[in-house]
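Visitor: The structure is given below, and queries will be raised subsequently.
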Amino acid sequence: MTKIRIGNGYDIHRLVSDRALILGGIQISHELGLLGHSDADVLTHAIMDAMLGALSLGDIGHYFPPSDPQWAGADSLVLLTQVHKLIRDQGWQIGNIDSVVVAERPKLKPHIHKMRDKLAAVLELQPNQIGIKATTNEKLGPVGREEGICAYAVVLLVASE
Ligand code: MG
């Protein structure tokens, strides 16, 4: 029997002025950016939580606590590399990732391929192992009012041997 595990992750960060907007490791030109202790890359955070959840390893707040100045302004791709090493060290590899970013603005479609290629490079995957969709929230709720951007991710892990 193939050993497989599944995990899901969710994250949301507040949109503010004077912050860069970084999603999937890509900086996107916009008048607002996401507020957070690290670079607040919600997509990468949701993916990391899905990876950890698949192995019942807790969440990213446990490994990279906001109270730790070491992670202030951290590049989330560096954190992703660490989480990836953690799951590989336990004998697992990623089968595929699927994700959704919910943002009212800016239009993310032009950036999806770059995000996918960036995450694939960091995780040593083929780009077609990573799904990234973008949708708006139809102007509903805090995401619809452009108060924040959220992301959902599902990750399938496959035993390495
Ligand atoms: Mg986060």
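The values are calculated or read from the model by the stated rules, or taken from the named source; none is laboratory data. None of the values given here were measured: they were computed from a predicted structure. Virtual Cβ from ideal backbone geometry, glycine too; neighbours counted across all protein chains shown. Just the protein is used for accessible areas: all its heavy atoms, side chains included, with ligands, DNA and RNA removed. Shrake-Rupley method; radii C 1.70, N 1.55, O 1.52, S 1.80 Å.
Visitor: Of all accessible surface on the chain at a 1.4 Å probe, what whole percent is carbon and sulfur?
Guide: The value for the chain is 52 percent carbon and sulfur by accessible area.
Visitor: Once you place label points 7 Å from the Cα toward the Cβ at residue 138 and residue 16, how far apart are they in nm?
Guide: Computed distance between label sites residue 138 and residue 16 equals 3.2 nm.
Visitor: Right, something else. Given a cut-off of under 8 Å on Cα pairs at least six residues apart, what relative contact order in percent is computed for the chain?
Guide: Computed over the chain, the figure is 34 percent.
Visitor: Could you report the accessible area of residue 78 in Å², rounded to 10, computed with a 1.4 Å probe on the protein chains as they sit in the structure?
Guide: Accessible area, nearest 10 Å²: 80 Å².
Visitor: Where both partners of a DSSP beta bridge lie in the chain, what percent of those bridges are antiparallel, to the nearest 5?
Guide: Numbers: 26 of 32 bridges.
Within the chain, antiparallel bridges account for around 80 percent of the total.
Visitor: Further question on the same structure: What number does the chain give for Rg over Rh if you use C-alpha atoms and the Kirkwood radius?
Guide: Here the Rg-to-Rh quotient is 0.96.
Visitor: Follow-up question, since we're still on this one. Between residue 109 and residue 62, how high is the FRET efficiency from 1/(1 + (r/R0)^6) when r is the Cβ-Cβ distance and R₀ = 45 Å? Nearest 0.05. The partial results should precede the final answer.
Guide: Details: r = 34 Å, r/R0 = 0.75.
Once the sixth-power term is evaluated, E becomes 0.85.
Visitor: Also: Classify region 56-129 as rounded, prolate or oblate, taking a ≥ b ≥ c as the square roots of the eigenvalues of its Cα gyration tensor: rounded when a/c is under 1.5, otherwise prolate if a/b is larger than b/c and oblate if not.
Guide: oblate
Visitor: Which residues' amide hydrogens lie under 5 Å from the amide hydrogen of residue 130, considering only partners 5 or more residues apart or on another chain, with H built in the peptide plane?
Guide: For residue 130, the qualifying residues are 97.
Visitor: Largest first, how would 41, 89 line up by accessible area (1.4 Å probe)? Can you show the working numbers first?
Guide: Details: 41 0, 89 105 Å².
Accessible-area ranking of 41, 89, largest first: 89, 41.
Visitor: Count of lysine pairs in the chain with Cα atoms under 24 Å apart, counting only pairs 8 or more residues apart in sequence or on different chains?
Guide: The number of close lysine pairs in the chain is 11.
Visitor: Okay, next question. Would you mind getting the accessible area per residue of region 26-161, heavy atoms of the protein chains only, 1.4 Å probe, in Å²?
Guide: Per-residue value: 48 Å².
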